[in-house]
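Beneath this line is the structure, given in structure tokens, with notes to follow.
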Amino acid sequence: MKILYLEDDIALSETITEFLCDEGFEVVSVYDGEEALEAIYRDNFDMLLLDVNVPHINGFKLLQELRGANITTPAIFTTSLNSIDDLSKGYDVGADDYIKKPFVLKELLFRIKALLKREFKIQNEVTQITQGINFNTLTHELILHDQKVLLHPKEVLLLKLLLKHKNECVSFEEIYQNVWSFESPHSDMSLRTYIKNLRKHLGKERILSIKKVGYKFVQE
């Protein structure tokens, strides 16, 4: 299991990272919100362990952005913020659990294991795109001839939308409504870039351009 751990207190980060590694987890430690965001978009994690008061992007805003991009990786806040309003905000932005500092290391371990156990009880939903190409709609993994391909979060949303309406034309308007959040501006150029990247993996013949209307995913 791979955990991203966001904590700007270096001593605490080293202590918890060492503890979790001793328990068999792979831990990627980061020290500010921007670094965390880059790591999450670059790699796949089974769990996010997030402090709140960190530089650049605080933990609440970070998780809110991730949930807005439909990234559903289980997340636990570890923070000294302990008011009921902070607790409420943590869950409102999409946290699965919230641990107040200071905490006992074994308590953290119990909560991580309980959350992962609950998460992986969910049956994987795998869509076969073609022979040797599969897409897991829960883990967002594209499996290309037994190799995992990392997709941009918006490519994940776009692919899920096209697969949901396979062999049907999905209009530009529907794509923009489902793939882009209200806060982030969309553009025809960025959409074409995501389509180009998906075609590179799936084959150009799988995603057809319907002139002035939208795109259609073709599955035989």
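The values are calculated or read from the model by the stated rules, or taken from the named source; none is laboratory data. Keep in mind it's a predicted model, so treat the numbers as computed, not measured. Please note: Cβ atoms are built from the backbone with ideal geometry, for glycine as well, and neighbour counts cover all protein chains shown. Side chains included, ligands, DNA and RNA excluded: accessible areas come from the protein's heavy atoms. Shrake-Rupley method; radii C 1.70, N 1.55, O 1.52, S 1.80 Å.
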Quiz item: Considering the dipole of the chain built from charges on the beta carbon (Lys and Arg +1, Asp and Glu -1) around the Cα centre, which of P74, V213, N197 is farthest to its positive end?
Solution: V213
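Treat every Asp and Glu Cβ in the chain as -1 and every Lys and Arg Cβ as +1, leave all other atoms uncharged, and give the resulting dipole magnitude about the Cα centre to the nearest 20 debye. Present the calculation step by step, with values, prior to reporting the outcome.
Details: 27 positive and 34 negative charges, 264 e Å.
Dipole of the chain, to the nearest 20 debye: 1260 debye.
Anything over 26 Å Cα to Cα? Flag those among K166/K212; K148/K196; K2/K164; K148/K204, in the order listed. Working shown, then result.
Values: K166/K212 19 Å; K148/K196 18 Å; K2/K164 29 Å; K148/K204 19 Å.
Checking Cα-Cα distances, K2/K164 exceed 26 Å.
Please arrange K61, K212, K101 by accessible surface area, largest first, computed with a 1.4 Å probe and ligands excluded. Numbers along the way, then the final one.
Working: K61 130, K212 180, K101 55 Å².
Output order, biggest surface exposure first: K212, K61, K101.
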Quiz item: Using alpha carbons only, how many degrees (0 to 90, rounded to 10) separate the axis of helix 10-22 from the longest principal axis of the chain?
Solution: 70
Quiz item: Can you pull the accessible area of D43 for me, 1.4 Å probe, Å² to the nearest 10?
Solution: 50
Quiz item: Which of the peptides 7-19, 155-167 is most tightly packed, and how do the rest follow, going by the mean number of other Cβ atoms within 10 Å of each residue?
Solution: 155-167, 7-19
Quiz prompt | Packing-based ranking, highest mean first, of 213-219, 130-136 given that Cβ atoms within 10 Å are counted | solution = 213-219, 130-136
Quiz item: So how exposed is L87, as accessible area in Å² (1.4 Å probe, rounded to 10)?
Solution: 40
Quiz item: Just from its helices, what would the mean residue ellipticity at 222 nm be for the chain, if runs of 4 or more DSSP H residues each count -39500 (n - 2.57) and the sum is divided by every residue, rounded to the nearest 500 deg cm²/dmol?
Solution: -13000 deg cm²/dmol
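Using heavy-atom solvent-accessible surface (probe 1.4 Å) with all chains present, what is the largest-first order of R192, R199? Don't jump to the answer; show the numbers that get you there.
On the way: R192 125, R199 55 Å².
Per-residue accessible area, sorted high to low, gives R192, R199.
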Quiz item: What angle, in degrees between 0 and 90 and rounded to the nearest 10, separates the Cα long axis of helix 153-164 from the longest principal axis of the Cα atoms of the chain?
Solution: 50
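To the nearest 20 debye, what is the magnitude of the charge dipole of region 57-158 about its Cα centre, counting +1 on the Cβ of each Lys and Arg and -1 on the Cβ of each Asp and Glu? Spell out each step's value before the answer.
On the way: 13 positive and 12 negative charges, 71 e Å.
Its charge dipole is roughly 340 debye.
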Self-check item: Relative contact order of region 1-45, pairs being alpha-carbon contacts under 8 Å that are 6 or more residues apart, as %
Solution: 51
Quiz prompt | Degrees separating the helix 33-42 axis from the principal Cα axis of the chain, which is the longest one | solution = 40
Practice problem: Take the alpha-carbon positions of region 1-144, form their convex hull, and give its projected area averaged over all directions (one quarter of the hull surface) in nm². | Solution: 8.9
Practice problem: Would you kindly derive the ³J(HN,Hα) couplings of region 105-116 from the backbone phi angles with the Karplus curve 6.51 cos²θ - 1.76 cosθ + 1.60 (θ = phi - 60°), listing them in order in whole Hz, with x for Gly and Pro? | Solution: 4, 5, 5, 4, 4, 4, 5, 4, 5, 5, 5, 5
Quiz prompt | Percent carbon-and-sulfur accessible area, the chain, ignoring ligands, DNA and RNA, probe 1.4 Å | solution = 49
